[in-house]
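Peer 1: First the structure, which I've put down as structure tokens, then a few questions once you've had a look.
The values are calculated or read from the model by the stated rules, or taken from the named source; none is laboratory data. Just so you know, these numbers come straight off a predicted model, no measurement behind them. Here the Cβ positions follow ideal geometry from the backbone for every residue, glycine too, while neighbour counts run over all protein chains shown.
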Amino acid sequence: MLTDDARPAGRVLVVEDDADLSEVMVGALVSDGHAVVHAADGRAALDALAAESFDLVLLDLALGQGPDGVEVCRRLRAAQDDAHVVAVTAREGEADTVLVLEAGADDYVTKPVGIAELRSRVRAVLRRAQRTPGRPPLEHRTLRVDTAARRAEVAGAELHLTYSEFEVLQALMAVGGRLLTRQELLDAIFGGHDFRDPRAIDVHVHHLRDKLASAGGDPGWIATVRGAGYRIDG
């Protein structure tokens, strides 16, 4: 039996066309107390997402039929910015990492999927999502981050951020102008950086800067400290 402190239960959509792997993934998550729906292809995934909301989507990128995982992720992001998406990919490399994150995934795991790692990722995402911060809103110039409502805005205009983009911005704002390394930002997002590629932070920061600029803010508010990390500046 799971406790709220150890393994917060949530609704999880598993999108995986490998029957054996999906059975293992679903079984592990159900045993951890999560309510799990399985979709075997991209069309079934889109139908499930249209029918109900999920706390987390585990999304295989190399689906055999219908829209592939990248297309599913893009459509999901167009409809719901704050959905938590962990991509499952068969390849690992800089180009593939960027492709996964550019599609809108918050995080990714590579095949063969380690069940202990998968459970860790799911627990971390759901724990962060269910936390209710008590701190007052964070502000920098016209940028405001309401941690309780999970809302960020520039001069009153809302920034539509993904789960990881919001977590990166919140972590940087919370420490003012202090530098945070990529590893520290991964810790802030997922509660640890084991198994994770620090380059993911660079992609999330890139997206954040684009969204700040589009909302009339200054992308330079997030400064790069070359070879070290990022800080709020400007």
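Here is a yes/no grid of residues against (1) under 19 Å from VAL145 (Cβ atoms); (2) assigned by TED's automatic domain parsing to the domain that holds LEU161; (3) crowded, with 16+ Cβ neighbours inside 10 Å:
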| residue | (1), (2), (3) |
| --- | --- |
| GLU184 | yes, yes, yes |
| ASP197 | no, yes, yes |
| ALA200 | no, yes, yes |
| VAL203 | no, yes, yes |
| ARG209 | yes, yes, yes |
| ALA213 | yes, yes, no |
| GLY217 | yes, yes, yes |
| VAL225 | no, yes, no |
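Peer 1: Determine which single condition VAL37 fails, assuming it passes every other condition in (1) at pLDDT below 95; (2) farther than 21 Å from THR110 by Cβ; (3) not charged (D, E, K, R).
Peer 2: (1)
Peer 1: Here is a further query. So for segment 197-217 (the condition being within 22 Å of ALA87 (Cβ to Cβ) and part of a loop (DSSP other than H, G, I, E, B)), does at least one residue qualify?
Peer 2: Yes: segment 197-217 contains one or more residues that are within 22 Å of ALA87 (Cβ to Cβ) and part of a loop (DSSP other than H, G, I, E, B).
Peer 1: Still on this model: Give the number of residues within segment 195-234 that are charged (D, E, K, R), under 17 Å from the mean Cα position of the chain (by Cα) and more than 20 Å from ALA157 (Cβ to Cβ).
Peer 2: Final tally of qualifying residues: 4.
Peer 1: Could you check, for segment 99-117, whether at least one of its residues is of a type in the set (S, T, N, Q) and in the same structural domain as GLY217 (by TED's automatic domain parsing)?
Peer 2: Pass one, segment 99-117, residues of a type in the set (S, T, N, Q): 110.
Narrowing further to those that are in the same structural domain as GLY217 (by TED's automatic domain parsing): none.
No.
Peer 1: If GLY220 meets every condition in (1) under 21 Å from LEU143 (Cα atoms); (2) in a loop (DSSP other than H, G, I, E, B) apart from one, which number is that one?
Peer 2: Condition (2) is where GLY220 drops out.
Peer 1: Still on this structure, please answer the following. Can you name the residue in segment 22-80 that is free of Cβ contacts under 8 Å to residues at least 40 places away in the same chain and basic (Lys, Arg) and, of all such residues, is surrounded by the most Cβ atoms within 10 Å (Cβ to Cβ)?
Peer 2: Applying the filter and picking the extreme gives ARG75.
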